[in-house]
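Novice: I have a structure I would like to understand better, so I am pasting it below and will then ask my questions one at a time.
Laboratory data are not the source of any read-out in this text; all were calculated from the coordinates shown. Quick caveat, the model's predicted, so the values are computed rather than measured. All Cβ positions, glycine included, derive from the backbone under ideal geometry; neighbour counts span all protein chains shown.
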4 protein chains.
Amino acid sequence: MGLTEIRKVCEVSLDIPAEEQSKIHNRWHPDIPFAGTIKNNETVKIECIDWTGGQIGNNDSADDMKNVDLTRIHYLSGPFEIETAEPGDVLLVEIMDVQPMESAPWGFTGVFDKNNGGGFLDEIYPTAAKAIWDFEGIYCTSRHIPHVKFPGLIHPGILGCAPSAEVLATWNKREGDLIAANKLDRIVAQEKVGREGARTIPGRPEHGGNCDIKNLSRGSKIYLPVHVSGAKFSVGDLHFSQGDGEISFCGAIEMAGVITINFKVMKNGIADLGMKSPLYLPGPVEPHYGPGRYLTFEGFSVDQHGKQHYMDVTVAYRQTILRCIEYLRRFGYSDYQVYLLLSCAPVQGHIAGIVDIPKFEIPLP
Amino acid sequence: MGLTEIRKVCEVSLDIPAEEQSKIHNRWHPDIPFAGTIKNNETVKIECIDWTGGQIGNNDSADDMKNVDLTRIHYLSGPFEIETAEPGDVLLVEIMDVQPMESAPWGFTGVFDKNNGGGFLDEIYPTAAKAIWDFEGIYCTSRHIPHVKFPGLIHPGILGCAPSAEVLATWNKREGDLIAANKLDRIVAQEKVGREGARTIPGRPEHGGNCDIKNLSRGSKIYLPVHVSGAKFSVGDLHFSQGDGEISFCGAIEMAGVITINFKVMKNGIADLGMKSPLYLPGPVEPHYGPGRYLTFEGFSVDQHGKQHYMDVTVAYRQTILRCIEYLRRFGYSDYQVYLLLSCAPVQGHIAGIVDIPKFEIPLP
Amino acid sequence: MGLTEIRKVCEVSLDIPAEEQSKIHNRWHPDIPFAGTIKNNETVKIECIDWTGGQIGNNDSADDMKNVDLTRIHYLSGPFEIETAEPGDVLLVEIMDVQPMESAPWGFTGVFDKNNGGGFLDEIYPTAAKAIWDFEGIYCTSRHIPHVKFPGLIHPGILGCAPSAEVLATWNKREGDLIAANKLDRIVAQEKVGREGARTIPGRPEHGGNCDIKNLSRGSKIYLPVHVSGAKFSVGDLHFSQGDGEISFCGAIEMAGVITINFKVMKNGIADLGMKSPLYLPGPVEPHYGPGRYLTFEGFSVDQHGKQHYMDVTVAYRQTILRCIEYLRRFGYSDYQVYLLLSCAPVQGHIAGIVDIPKFEIPLP
Amino acid sequence: MGLTEIRKVCEVSLDIPAEEQSKIHNRWHPDIPFAGTIKNNETVKIECIDWTGGQIGNNDSADDMKNVDLTRIHYLSGPFEIETAEPGDVLLVEIMDVQPMESAPWGFTGVFDKNNGGGFLDEIYPTAAKAIWDFEGIYCTSRHIPHVKFPGLIHPGILGCAPSAEVLATWNKREGDLIAANKLDRIVAQEKVGREGARTIPGRPEHGGNCDIKNLSRGSKIYLPVHVSGAKFSVGDLHFSQGDGEISFCGAIEMAGVITINFKVMKNGIADLGMKSPLYLPGPVEPHYGPGRYLTFEGFSVDQHGKQHYMDVTVAYRQTILRCIEYLRRFGYSDYQVYLLLSCAPVQGHIAGIVDIPKFEIPLP
């Protein structure tokens, strides 16, 4: 009769190193063994460790950010077998709830050191920094950014199904080409990995993965392509809140927590929906900020040295953020405080006119 | 006692060529003579011609889009003298109302020909196209995109104060460098102009200008830097509706209309606000679409040829739009219909994670 | 091709006494001759005089409120013949736009004298009072209630189709019984009318009429039962804004204006929809005030003399309003200013628990 | 450093009769001993049993509703001592979170038998009825009302501080007068109680108590008058969702759960705020239903027998609900299903015009 207590299919420990725990992983690969089995149409709870696998502490020093081991991040819970899911199906994931760990009602926002991870404004803000956030119900506050309090829109940063061997090969080829051509060092440690498994950064069109859509909170539905038998679904990187762009890289309020998900298999969904990439339908529950409560800044394709660029959204977005930083500096915050705040508060980053010479607005709630 | 009828400071004709009308212009220059005088704290009505100065007709052929004369577009009403405004002040512009012309309750959305204007997806959609929209109250419909009806969020695409001679010289130097370096042909006819006045494309950080922020409707406030005595304020490019990005270039629903504005001078506002670029505060009145009514697509830095790019928002945004087009194609619309629709309907273009490898979501209302 | 200027089917004069104008009336009766003809599916503009037919002036004295002639109020524009509408049909009315008269951008909120009209709190506030409101775009301000500014949600207070002779007979019988039984003198002058025609107060379930729903602004749809051939549709009592309850009786911001409506006839709609009373579907465009911006007061069935009443919503609502008045008094407003303000600002009056002992909340925006 | 796990100050058992548990009570009285102590500015978790103290089972029979013992309902958790709170202070209660019991993710909506509790429409619906709701995250569904699913806005129905002896005497005198005058039998068993303690029905202006405001969910703040030393705060009657009016009496989705609250004492707050009754400030997080998604029905002071009443909100509200029931009946639901649904779904009950002849609108989400 009716619903009984919801089954928990994954527990994580905050006291054991992530790499020693059996139900979490940080690569996408079809051969990672199942961490558990979930029925079609079942609702389960899944505990997730934080994005850094516990490397960051609830303290007042940014040394752990500075020295973070970037080969040991982005731990996901899973992969889970979803019964009846086969390649070609779509997995409908409905997010029923997301909560911080009862025993750890806190999270962090970080700036990586320019030489170890970096971020969107690392040329201007090269030093590691960190803010700890305390959670009370829907609200968060930080002793490192005083007088700020806002409700979170808790969501997972990463979710997806495992790639097939073919999809994985496509990824490795495609990203290898980019690395070879550019000698990039921000594709995190990719060239050092020496393995076939795909990193959880970046997100990829074939399965979603690292989507970082700040509105995927309670009540959201996500339609994910299935590439292997049993789906091999994984989830992690829970955020208490995030701003559009998550600009400081480790920019959301990263936390350990538990997510409650219902799974439904849509047979032959990829063909029926003509799906090339996941679809997302955010939930109806959100803080209400009317449009009249957003202060909007605008950026242009003119950089801080006065040079005009051509249709360069990245330049424009960076300028917009600098305008925000200047504005909030007037309230007594340091540049790093504002940089952290703009990463994790629910600011919006819109593209205004992509064709003229692009420019951005960042409204502040 | 109380308010009497609001003064109209500019009338335009829809039957006379734009270049023959005295109170409109299409360059930014400090020497354009005043088109009228407005008191500090006065509210006035200003009629505006459409973006193309009447070159586009309410008919079913796209030939006028294809052959549009791009040296005769972006006509603004003004410049108006705002009494007491001096360089260093900020002009607070409050938008009281925006309406289509009573005698012309229609507008258009266009795609330029790749060889005459182009647009964000002109490699894929090289041909000129056009949709006419009929207005009834807050709603618009188009005989060229059947079964679509939505409320507009009427706003001006361009508003700003004239540059000083110094600011204008900065613009011409900065943009000349870009043109010289790139031999661009999309900076519209810039190299042919042979004059000192600045085109109304692109927007510029020093004064705003072509901002194309889709939420600047009734009740919005804009804080504009003043660079010359009397401000020389101009406004134009009225849109019945626009999507974030205005992707097809002539992508909003362009219309002639009348805007009601209140002006207030904030003495010494540039220094007091530490203002480098305009600030925008959208009004509180908007169609209510809860977050649960947005279907979200995601784009990645992998282009349609399967090539991985590095942190390229433009590539990601283009991919997102292609996903939308594929989706809406399923409802029987042609690619050009969808391209036009995504330009003018109130879709949102958000930046999700600028640091990983950027990607976009375009929610659909 | 496309839409041309919208036809205006009714003009009113603000300078001629209402009873001398031909297209307005203030009784519901099937024999009032048509004021014009509107096609099925046509959109037209209809000018409306204000609720008092011009008796109230834009000045600083409440004498006109005190001495208002209540037999000469509630003038409606119409009745209009809607082609093809027959008894048993439903008339779908879509409100395209509502605007104040261009030549008269002002309105008023009034308190009637206890001996001439009265109101919800007339035992406490027995004296006539008046506030004049000036309109600028979506906002209104009043020199009589300083430092208050809010956006209006402009809507008609009265709209409906004429009763048939049978429906009218039912009304007169039903209301006559109440008057006979109670010797009421607030049913406005009803016993003096000495005519068959029904007053426009109260609203009535068979046709709607005086609905005073504050959200029926631009984009709203109303489904009205048709009782006579041609529908004989009338509309009037335009409000710039109203609070739930319109507590001071003449409590909205009353104004003259023009409403743009599209009419569609739904054949046999009354039976198909099983309709006993009109249905209303508010439009999607409204000021956004999130729930967190409403301060909520609560009233109980205990009156100001400390007496407990049993499930009496009227007592509870009156107490709630007294709590609001006490609260706003702290900001320096007089009791009459607050009484006027609560009548016309977009406050909400909700029923919390009708079964316990009812009580109310009035949130303030 | 930072927050640690939140302290739980009250646990309840779902397996032990309510009257045998030590930290719950169902009367308001200053002499009930403290159930625990909470620091000023502390955040704690408080478990609450359901409204009926566990009398209603998760099954398909309404016999438990029919035979419910109304002397054993409305159990509250508390009273808690809030350190430093003294008479004259205000207790600021901030609701951090409200959740169902992990072990009991279900609730119920009931109709009492006309002879044992009754309800707003008991003349029309005299029989006991019951719907069980299952909770999954923010959503609820019922096997007894198929095809309905909506997000809850979880909130407490009752919270307040204990009355002083003087306040309690006032209540007993005031309510005794009403009972004596009317021989009411719906004031639940009040005359049988034979004790000094006040029942938890009705709410009372001096302390709030049974407020049943459906929006008091996460993030809400309530300002409560303190009448005794230590405040003696109690809370209970948790609702997963409720409609305005809670029309079937036991009409919300009643559940056991846990509420997380932060308490702050405002010294001398009653005088400083001029407070006669509690103030409520709902939280910013809510499902977003734009105004265009509410279908609005209207009721009038004409009852189902065709009799006209004078300014009778209760009659009008009852008629509105009958219109809703008729409408939803068309979708195949029984009258009792609709009656239950309108009690617990987030419908709104607004007062439109209290002065004309009142009428109501009930929008449906």
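Novice: Starting from the 7 Å offset along Cα-to-Cβ, what nm value, one decimal, do you get for the label separation of C:GLU5 and B:ARG143?
Specialist: 2.1
Novice: Rounded to the nearest 20 debye, what is the charge dipole size of region A:34-107 about its Cα centre when +1 sits on each Lys and Arg Cβ and -1 on each Asp and Glu Cβ?
Specialist: It comes to approximately 140 debye.
Novice: Would you work out the relative contact order for region C:1-159, in percent, from Cα pairs under 8 angstrom that are 6 or more residues apart?
Specialist: 20
Novice: Under the rule of at least 5 residues apart or a separate chain, name every residue whose amide H is placed under 5 Å from the amide H of B:ASP113.
Specialist: Sorted by chain and number, the residues that satisfy this are B:GLY118, B:ALA128.
Novice: Assign one of three labels to region C:7-281, namely rounded, prolate or oblate, based on the Cα gyration tensor with a ≥ b ≥ c the square roots of its eigenvalues; rounded applies when a/c is under 1.5, prolate when it is not and a/b is larger than b/c, and oblate otherwise.
Specialist: In terms of gyration-tensor shape, oblate.
Novice: Could you work out the relative contact order of region B:128-182, using alpha carbon pairs under 8 angstrom and six or more residues apart, expressed as a whole percent?
Specialist: Answer for region B:128-182 is 18 percent.
Novice: If you don't mind, another one. Take chain D, connect every pair of alpha-carbon atoms lying under 10 Å apart with a spring to form a Gaussian network, then pick out the residue of D:THR71, D:THR109, D:THR43 with the largest mean-square fluctuation.
Specialist: Fluctuation is largest for D:THR71.
Novice: Please build a GNM for chain B, connecting alpha carbons under 10 Å apart, and tell me which residue among B:PHE240, B:PHE150, B:PHE108 fluctuates the most.
Specialist: Among B:PHE240, B:PHE150, B:PHE108, the largest mean-square fluctuation in the Gaussian network model of chain B belongs to B:PHE150.
Novice: A further question follows. Positive end of the charge dipole of region A:7-281 (Lys, Arg +1 and Asp, Glu -1 on Cβ, about the Cα centre): tell me which of A:ASN58, A:VAL93, A:LEU238 has its Cα farthest that way.
Specialist: Positive-end residue among those listed: A:VAL93.
Novice: Shape verdict for the protein assembly as shown, please, from the Cα gyration tensor: rounded (a/c under 1.5), prolate (a/b greater than b/c) or oblate.
Specialist: Because a/c hits 1.5 or more and a/b fails to exceed b/c, the protein assembly as shown counts as oblate.
Novice: Also: So, counting K/R as plus one and D/E as minus one, what does the shell of residues with Cβ under 10 Å around A:LEU153 add up to?
Specialist: Overall, the nearby charge balance is +1.
Novice: Give the separation of the Cα centroids, region B:89-114 to region A:261-323, in Å.
Specialist: Using only Cα atoms, the two centres lie 25 Å from each other.
Novice: Once you order the gyration tensor axes a ≥ b ≥ c over the Cα atoms, which shape class does region B:55-158 get: rounded for a/c under 1.5, otherwise prolate or oblate by comparing a/b with b/c?
Specialist: oblate
Novice: What angle do you read, to the nearest 10 degrees and between 0 and 90, between the alpha-carbon axis of helix B:313-329 and the longest principal axis of chain B?
Specialist: 60
Novice: Which FRET efficiency value, to the nearest 0.05, is calculated for B:ILE32 and C:ASN41 with the Förster distance at 35 angstrom and r the Cβ-Cβ distance?
Specialist: 0.15
Novice: Then there's this: Using unit Cβ charges (K, R positive; D, E negative) and no other charged atoms, how large, in debye to the nearest 20, is the dipole of region B:7-281 about its Cα centre?
Specialist: I would put it at about 440 debye.
Novice: Take every Cα pair under 8 Å in chain C that's 6+ residues apart, average their separations, divide by the length, and report that relative contact order as a whole percent.
Specialist: 23
Novice: What residue among D:THR314, D:PHE34, D:THR109 has its Cα farthest toward the positive end of the dipole of chain D, where the charges are +1 on Lys, Arg and -1 on Asp, Glu, each on the Cβ?
Specialist: Checked the options; the winner is D:THR314.
Novice: Okay, moving on. Calculate for chain D the 222 nm mean residue ellipticity that helices alone would give, adding -39,500 (n - 2.57) per DSSP H run of length 4 or more and normalising by residue count, nearest 500 deg cm²/dmol.
Specialist: -4500 deg cm²/dmol
Novice: Beyond a 26 Å Cα-Cα separation, which of these cross-linked pairs lie in this structure: A:LYS45/D:LYS149; C:LYS114/D:LYS214; A:LYS39/A:LYS221; B:LYS173/B:LYS276; D:LYS23/D:LYS264; A:LYS45/D:LYS214?
Specialist: Long pairs (Cα-Cα over 26 Å): C:LYS114/D:LYS214; A:LYS45/D:LYS214.
Novice: Between C:ASP312, C:ASP15, C:ASP134, where does the largest GNM mean-square fluctuation fall for chain C, given springs only between Cα atoms within less than 10 Å?
Specialist: Largest GNM mean-square fluctuation: C:ASP15.
Novice: Using the basic label-point model (7 angstrom from Cα toward the beta carbon), what is the C:THR84 to D:SER103 distance in nanometres?
Specialist: According to this spin-label approximation, the distance is 6.6 nm.
Novice: For an R0 of 51 angstrom, estimate the FRET efficiency from the Cβ-Cβ distance between C:ARG330 and A:ASP60 and round to the nearest 0.05.
Specialist: 0.75
Novice: What angle do you read, to the nearest 10 degrees and between 0 and 90, between the alpha-carbon axis of helix B:335-344 and the longest principal axis of chain B?
Specialist: Between the helix axis and the principal axis of chain B, the angle is about 30 degrees.
Novice: Suppose every Lys and Arg Cβ carries +1 and every Asp and Glu Cβ carries -1, with no other charges. What dipole size does the protein assembly as shown come out with about its Cα centre, to the nearest 20 debye?
Specialist: Result for the protein assembly as shown is approximately 0 debye, rounded to the nearest 20.
Novice: Angle between the Cα long axis of helix C:165-182 and the longest principal axis of chain C, 0 to 90 degrees, nearest 10?
Specialist: 20
Novice: As I understand it, the dipole of region B:7-281 uses +1 on the Cβ of Lys and Arg and -1 on the Cβ of Asp and Glu, about the Cα centre. Which of B:ALA198, B:LEU279, B:GLY269 lies farthest toward its positive end?
Specialist: Towards the positive end, the residue furthest out is B:GLY269.
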